[in-house]
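Some notes on the structure that comes next.
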Amino acid sequence: MSSNGKLLVIGFGPGAFEHITERAREAIDESDVIIGYNTYVDLIRGLLTDQEIIRTGMTEEVSRAQEAVRQAELGKKVAVISSGDAGVYGMAGLVYEVLIEKGWAQQSGIEVEVIPGISAINSCASLLGAPVMHDACTISLSDHLTPWDVIAKRVEAAASADFVIALYNPRSGRRTRQIVETQRIVLKHRSADTPVGLVKSAYRDREQIVITTLGGMLEHDIGMLTTVIIGNSTTFMYDGLMITPRGYRRKYTLNSLDQPLKPHERLRTEAEPWSLNAKEETREDSRAKPLALAAEALQLVQRKAGAVPAAVPPAAQNRVSILEIGVSPGIANKKMTAKQMSLIAELAGDEGELEYTPHHQVILRMRTDDAGAVAARLRDEGLLVFPIGDVVQVKACDFCNLEKDDAIPVAERLAGKLGGLTTPKELKIGVNGCGMACYGAVMEDIGLVFRKGGYDLFLGGKQIGRNAHAGQNVAEGIPADQIVEKVEQIYKEFKEKAHPGERFHKFFKRVGTVAGFVHEDNAAPVEVNAVCGD
């Protein structure tokens, strides 16, 4: 491994030029290559000169780190850029992980410099006032890489320990439940009046600042660009600011020059009844009361055995989970009956939510402790139910109101075998019943078009963005008795080999071959000026 190159892992802060450190500016200027997420590159464009720019999408962190290491091995100075601080949900750790996989050693390998920046907890706190004056923690609510059960335990621990909590990645288009569940957990330990700050795009053009309460926070817009700061039990609001006391009032009189404690008295144990030393002295006193301790121990044993019921907080007694499922009248059928729609509305109730999606599903969000019973009621009414998130979604046309029905069995078999199965990233399979492809199957991750008794197969479509494109036509005329097996094989390879969060079209391009089908780059269209006008 060459040691001539260098990796500069740069945190450039919230995005405003005045908040980028001098060392970060120097590192960007001295770099040969800049590697970063598209938005990050745009934010520092004013600092770029003649560097080579490698831009990637939001979910391509692994490929960014791998490419950075490869470029550094070629002897180049490579800047890997992150907003905020590169070591706080940034690229620093991932770059080290990639290097370690390659056997890197600090003394003999590529030089690495991590350049700190202002993290979101700091930039957002400065706009809110002084909410992070005491012990605080950061928790990301994104469960793409961390299991939700682990995140929930961390939220519970931080809330019960009275930390000021900064929530990163609180909500996205598909992750809507996590912030609701987090609010429910914190409300078990804190008042609904606890101050909460919502800061979107701190120090950027579309900056938004809202100070609200724990009970009312969900009434405001919260997205991926929002940082949520939840105060502790002492945090208060004053004149549009959010303040967390440091605790000086315990020893100082802030409204008077005459202090009751002299400087030499402030560190004595008697002046700090909350300190560890004071607690130790209290324990010594307790040891002199063996009967009281024995009685306390007996009560604990009885409570564990069920003889003495433990006190249950009111919020815990009313704990209710949130269910989020996709509901559809069928794979081919797009028509709901009034009775079906009434049932969905009844289940949602006044507090639930219904969202219609472009995938011919209604997303039902509701509070319930019995998801199985809800799903059973929906199925009894002839509705299909699907999980939401990074799963396989099968979308089909209505086959001209079920008149062109030759391909319906294949669509239903695909939904039955693959629909709802987990994937590294949401995988959309589209089925069209004729060559018109009017429902856009060719734009999906996997597209099937029924034509002349067989199925044309398209892979790697991209529906949105400036480089949106149809999938590559990898095969034509696949028989009906083979097509489901082919798609199943493609799914299995994607599940086994894709990076977490990697979209299928990027995966197909990266690996080159899937289920025997070889990726080809899109060829630029050739313009021909026909003299005859035909």
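Along the charge dipole of the stretch 381-534, which of Gln393, Ile408, Gly453 sits closest to the positive end, that is, farthest toward it, with unit charges on the beta carbon of Lys, Arg, Asp and Glu (+1, +1, -1, -1)?
Looking along the dipole axis, the top candidate is Gln393.
Find out how many positive minus negative residues lie around Asp149, taking Lys and Arg as positive, Asp and Glu as negative, among other residues whose Cβ is under 14 Å from that of Asp149.
0
Going toward the positive end of the dipole of the stretch 198-250, with +1 on Lys and Arg Cβ and -1 on Asp and Glu Cβ, which of Met224, Thr234, Leu214 do you reach last?
With unit charges placed on the Cβ atoms, the residue in question is Thr234.
Give the relative contact order (percent, whole number) for the stretch 1-101; include only Cα pairs under 8 Å separated by 6+ residues. Working shown, then result.
Details: 180 pairs, mean separation 42.8, N = 101.
Answer for the stretch 1-101 is 42 percent.
I need the peptides 33-44, 172-183 ranked by packing, meaning the mean over residues of other C-beta atoms within 10 angstrom, with the highest value on top.
Top of the packing list down: 33-44, 172-183.
Which distance in Å, rounded to a whole number, links the C-alpha centroids of the stretch 46-83 and the stretch 209-245?
Computed from Cα coordinates, the inter-centre distance equals 35 Å.
Residue-wise, which Karplus ³J(HN,Hα) couplings in Hz belong to the stretch 407-424, taking 6.51 cos²θ - 1.76 cosθ + 1.60, θ = phi - 60°, and x for glycine or proline?
Once rounded to whole Hz, the list reads 9, 4, x, 5, 4, 6, 5, 4, 5, x, 8, 10, x, x, 5, 6, 9, x.
Sort Thr49, Thr21, Thr337 by Cβ crowding within 10 Å, fewest neighbours at the top. Provide the component values of the computation, followed by the final result.
Numbers: Thr49 7, Thr21 16, Thr337 12.
Taking fewest neighbouring Cβ atoms as first place, the list is Thr49, Thr337, Thr21.
About its Cα centre, how strong a charge dipole does the stretch 1-43 have in debye, to the nearest 20, once Lys and Arg get +1 and Asp and Glu get -1 at the Cβ? Intermediate results must be reported in sequence, preceding the final value.
Numbers: 3 positive and 7 negative charges, 35 e Å.
Roughly 160 debye, rounded to the nearest 20.
D for the stretch 1-95, whole µm²/s, Stokes-Einstein with Kirkwood Rh over alpha-carbon pairs at 25 °C and 0.890 mPa s: what number?
Values: Rh = 13.0 Å.
Translational D for this selection: 189 µm²/s.
Taking the stretch 67-121, which trypsin sites (Lys or Arg not before Pro) meet the DSSP loop condition and have no more than 15 other C-beta atoms within 10 Å?
Values: sites: Arg70, Lys76, Lys77, Lys102; in loops: Lys76, Lys102.
Qualifying residues, ordered by number: Lys102.
For the stretch 419-438 and the stretch 331-350, compute the distance between their C-alpha centroids and round to whole Å.
Distance between centres, Cα-based: 23 Å.
Counting Lys +1, Arg +1, Asp -1, Glu -1, what net charge surrounds Glu61 among other residues with beta carbon under 14 Å of its beta carbon?
+2
Suppose every K and R has +1 on its Cβ and every D and E has -1 on its Cβ; what is the size of the dipole of the stretch 1-138 about the Cα centre, in Debye to the nearest 20?
100
Could you list Phe163, Phe399, Phe12 in order of exposure, starting from the residue whose Cβ has the fewest other Cβ atoms within 10 Å?
Ordered from fewest to most neighbouring Cβ atoms within 10 Å, Phe163, Phe399, Phe12 come out as Phe163, Phe399, Phe12.
Any idea what the dipole of the stretch 33-93 comes to, in debye rounded to 20, about its Cα centre with Lys/Arg Cβ at +1 and Asp/Glu Cβ at -1?
The dipole magnitude comes to about 80 debye.
Taking the Cβ of Ile110 as the center, what net charge do the other residues with Cβ under 12 Å away carry, scoring Lys and Arg +1 and Asp and Glu -1?
Result for the local shell: +2.
Just want the ordering: Trp104, Trp148, from fewest to most Cβ atoms lying within 10 Å of their own Cβ.
Placing the least packed residue first, the sequence is Trp148, Trp104.
Readers should treat all values here as calculations from the given coordinates under stated rules, not as data from a laboratory. Only a predicted model underlies this, so the values are computations on that prediction, with no experimental measurement involved. Ideal geometry is used to build each Cβ from the backbone, glycine not excepted, and the neighbour counts take in all protein chains shown.
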